[in-house]
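Let me begin by presenting the structure, written as structure tokens, before commenting on it.
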Amino acid sequence: MNLTADISDVELKQRWRLYWIYCIFEFSNAKLQEMSWVQGSEANWPNGEVWESSFEECISAYFDNLALDDAYEKAVACGNVSKEEAEKASAFHTLAVFYDEPDENPETILKDPEWLEVVASAKVFWDYLKRTVTSQREIDLMNKLEKEGV
């Protein structure tokens, strides 16, 4: 039995986009990365709920779970993102694709100038999304992430 038979294509696209927004937020927020990747449950989380992640999970969520290893070609073709969104994401995406972590220590990664460039570029893209998304679900998620995600 197909478990997604009762889920419409529209709903699947909406879920994909919400997960995508969630991933972009993590890439764009150095404070969240430090709290999640280094401090974990010891961090002072604003709402008491720990954001469980690591560098590897952040990268995998974006490239593997969202299938973005093709630089948004499939996402645009499927209608998950607009061509303009894909173009605006390209600077961040390219930096993330070619980022090579210096070692496995998250503290080292978070201080790496090349990683800081990835984060800064993701933040530019995040700010673009905040100005342009029109779906109320996406707007609500973005506001919630910013409010609760440090």
Checklist outcome for this item: Under a Gaussian network model of the chain whose springs join Cα atoms within less than 10 Å, the largest fluctuation of S90, S82, S36 belongs to S82
Next on the checklist: How high is the relative contact order of region 9-148? Use alpha-carbon pairs under 8 Å, at least six apart in sequence, and give a whole percent.
Outcome noted: 34
Next on the checklist: Quick test of the membrane-span-like rule: which DSSP H helices of the chain reach at least 27 Å along their long axis (C-alpha atoms) with mean Kyte hydropathy at least -1.0?
Outcome noted: 9-28, 113-132
Item to check | Förster radius 25 Å - calculated FRET efficiency between D64 and Y128 (Cβ-Cβ, nearest 0.05) | outcome: 0.60
Checklist outcome for this item: The extension gain from Q39 to E104, computed as 0.36 nm times the residue separation minus the Cα-Cα distance, is 21.9 nm
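Once the piece of chain linking E52 and K74 is laid out straight, how much longer is it, given 0.36 nm per residue of separation minus the C-alpha distance between them?
Details: separation 22, 0.36 × 22 = 7.92 nm, distance 2.80 nm.
Here the answer is 5.1 nm.
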Checklist entry - What net charge do the residues around L95 carry, taking every other residue with its C-beta under 14 Å from that of L95, with Lys and Arg at +1 and Asp and Glu at -1? => result -3
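If the only charges are +1 at each Lys and Arg Cβ and -1 at each Asp and Glu Cβ, what is the size of the charge dipole of region 9-148 around the Cα centre, to the nearest 20 debye? Walk me through the intermediate numbers first.
Working: 14 positive and 29 negative charges, 174 e Å.
Here region 9-148 has a charge dipole of around 840 debye.
Hey, what number do you get for the chain at 222 nm if only DSSP H runs of n ≥ 4 count, each worth -39500 (n - 2.57), divided across all residues, to the nearest 500?
On the way: 8 runs with 90 residues, N = 150.
Counting only the DSSP helices, I get -18500 deg cm²/dmol.
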Item to check | Dipole axis of the chain (+1 Lys, Arg; -1 Asp, Glu on Cβ), positive-most option in W126, F98, V50 | outcome: W126
Item to check | Which label in (1) 1.27; (2) 1.06; (3) 1.43 gives the computed Cα Rg over 2.2 N^0.38 Å | outcome: (2)
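Bear in mind these aren't lab numbers, they're just calculated from the coordinates by the rules spelled out. Just so it is clear, the structure is predicted and the values come from calculations on it, not from any experiment. Neighbour counts run over all protein chains shown; Cβ positions are idealised from the backbone, glycine included.
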